[in-house]
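Read-outs: derived from the displayed coordinates by stated rules, not from any lab. Since the structure is predicted, the reported quantities are computational estimates derived from the model, not experimental observations. Every residue, glycine among them, receives a Cβ derived from its backbone with ideal geometry; neighbour counts consider all protein chains shown.
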């Protein structure tokens, strides 16, 4: 499988924010979001080819049972992800899969010790037309649906999606890097969106724009 990087850090986004986590970043993506902050895992040749067993061995070295499989878009390598997830779950790891809302995760990642974090791309990404909105309604109450929001257009778009579809998952509004967290927070409070979590990218607050964190 094509691996961009494996590292041990704090989870910077979503419901598990702040928790020590081993990250497995897979290489390649079939989307091109305008504000993508991991282009090194999307284009070029900055990756290593690994057998799944080698990835598991490297994860084991960090002595942390919480793993995040991310990208790029990890489900491009769906067969390898299935094999990797099976090995990890069989060895008592918990998994958070970070994926976009245009590919169905495999059955192994809908199990008890796996959580799905799915992105709904807003207009500022230029990828909103690539979404499969039906996937959002498949998410469980333990999963999360994340909207990266840059401006008022994105904010109103996200509200429209949430009003149109019956979504059980936890909802997260996250400002694009460099956007003000306060502006988005005030909008959510003003509109009394009591079921929305507004969360930053913690790793960027701590370390800035840096790889391997």
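Using a Förster distance of 30 Å, how high is the FRET efficiency between residue 79 and residue 46, based on the Cβ-Cβ distance and rounded to 0.05? It comes to 0.85. Top mean-square fluctuation among 30, 57, 191, Gaussian network model of the chain, C-alpha springs under 10 Å? Residue with maximal mean-square fluctuation among 30, 57, 191: 191. In the calculated pair distance distribution of the stretch 92-172, what percentage of Cα-Cα distances lie above 16 Å? Percent of Cα pairs beyond 16 Å in the stretch 92-172: 48.
Enter the angle in degrees (range 0 to 90, nearest 10) between the Cα long axis of helix 181-190 and the first principal axis of the Cα atoms of the chain, meaning the one along which they spread out most. Long axis of 181-190 versus the principal axis of the chain: about 50 degrees.
Between 188, 148, 198, the GNM of the chain built on Cα springs shorter than 10 angstrom shows 188 fluctuating the most. Its Cα gyration tensor gives the stretch 27-103 an equivalent ellipsoid. The semi-axes, each the square root of 5 times an eigenvalue, are 23, 14, 12 Å from largest down.
Given 0.36 nm per residue, what is the gain on full extension from residue 10 to residue 112 after removing their alpha carbon distance, in nm?
The span from residue 10 to residue 112 would gain 34.5 nm if fully extended.
Taking a point 7 Å from the Cα of residue 34 along the Cα-to-Cβ direction, the residues of the stretch 96-121 with backbone N closer than 16 Å to it are 121.
Which angle between 0 and 90 degrees, to the nearest 10, do you get for helix 78-90 versus the longest principal axis of the chain when only C-alpha atoms count? Compared with the principal axis, the helix lies near 70 degrees.
The distance between label points at residue 58 and residue 205 comes to 3.0 nm (points 7 Å beyond Cα on the Cα→Cβ vector). Extending 7 Å from Cα along the Cβ direction at residue 168 and again at residue 185 yields two label points whose distance is 3.2 nm. The ranking of 98, 83 from fewest to most other beta carbons within 10 Å of each one's beta carbon is 83, 98. When only Cα pairs below 8 angstrom with a gap of at least 6 residues are kept, the chain shows a relative contact order of 19 percent. Taking the number of Cβ atoms within 10 Å of each Cβ as an exposure proxy, the fewest-first ranking of 13, 80, 156 is 156, 80, 13. Fewest neighbouring Cβ atoms within 10 Å first, the residues 102, 195 line up as 195, 102. With axes computed from alpha carbons, what is the tilt in degrees of helix 152-164 against the longest principal axis of the chain, rounded to the nearest 10 within 0 to 90? Approximately 80 degrees, to the nearest ten. Mean-square fluctuations from a GNM of the chain, with a 10 angstrom spring cutoff on Cα atoms, peak among 172, 108, 69 at 108.
Note on the chain: helix-only mean residue ellipticity at 222 nm, from DSSP H runs of 4+ residues weighted -39500 (n - 2.57) and normalised by residue number, equals -7000 deg cm²/dmol.
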